[in-house]
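The values are calculated or read from the model by the stated rules, or taken from the named source; none is laboratory data. All values derive from a computational prediction rather than experimental measurement. Positions of Cβ are generated from backbone atoms using ideal geometry, with glycine treated the same way; all protein chains shown enter the neighbour counts. The accessibility values were calculated without ligands, DNA or RNA, using every heavy atom of the protein model including side chains. Shrake-Rupley method; radii C 1.70, N 1.55, O 1.52, S 1.80 Å.
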Amino acid sequence: METPPGAGYCISCGERLDPGHRFCPACGTARWMPKTPPPLAGQPPPPAPGTPARITAPTVQPLPEATPVPGLAWLFGAGAVVWLVSLAQLGGFLAAGKGRAQLVNSLVTSGYSASDAASLLWVYAVLMVALAVVAAGLHATAFYGLRARRRWGWLAAVTVAGAWSLVLVGIPILAVLLRPSTRRAYGVG
């Protein structure tokens, strides 16, 4: 049998007391109540009964200075450099005639016509360059904003981290797909 909240026992005879009992029903001993703690330092004691209420403005304690996570800004700075390097590699590959020819050739062997492959190559180039520029810009914004401890830097960092988490969301799904029971259900291995 559980004891209801606020129930207790008599300190004299041990009889169970319900929450509303001020005295023990068996022996009449007054219910033990803990003493009120003394007021905290810097606060006035509570007013005596019958004194008019006095409203005082609460004092606001300043929050301690928050320290940034060491190296977090540099992580985003490194990300910006990686994206800029990948942009340079992509630009070099697309600028070289041999690189473009290799991409067009692989598209043609996949079943696209030569004119469709050239158009698809330009769409790919525009999308990849735009992605690299936006990613490098967001990483750089996060880097400079976090170093300056600005809200917009934190927001850029959250945006970048959210985008990267979309890539990592596939890991639990991959683990489920690689289970032997799932592979057997689809006839794999």
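Before moving on, here are some points about what is shown:
- Here is the figure for the range 131-154: residues that are within 9 Å of Ala73 (Cα to Cα) and of a type in the set (Ser, Thr, Tyr) total 1.
- Close Cβ contacts (under 7 Å, 6 or more residues apart or on different chains) running from residues in the range 131-159 that are at positive phi to residues that are open to solvent by 70 Å² or more (accessible area, probe 1.4 Å) comprise Arg149/Pro68.
- Only one of Gly6, Gly20, Gly50, Gly42 that is at pLDDT 75 or above and either open to solvent by less than 60 Å² (accessible area, probe 1.4 Å) or not in a helix (DSSP H, G or I) (or both): Gly20
- Residue tally, condition more than 19 Å from Gln89 (Cα to Cα) and open to solvent by 90 Å² or more (accessible area, probe 1.4 Å), over the range 111-149: 4
- Filtering the range 163-172 for residues that are in a helix (DSSP H, G or I), open to solvent by less than 90 Å² (accessible area, probe 1.4 Å) and either modelled with pLDDT of 90 or more or within 30 Å of Gln43 (Cα to Cα) (or both) leaves an empty set.
- Conditions (1) within 27 Å of the chain's Cα centre (by Cα); (2) assigned to a helix (DSSP H, G or I); (3) surrounded by fewer than 13 Cβ atoms within 10 Å (Cβ to Cβ); (4) of a type outside the set (Asp, Glu): number failed by Gly77: (3)
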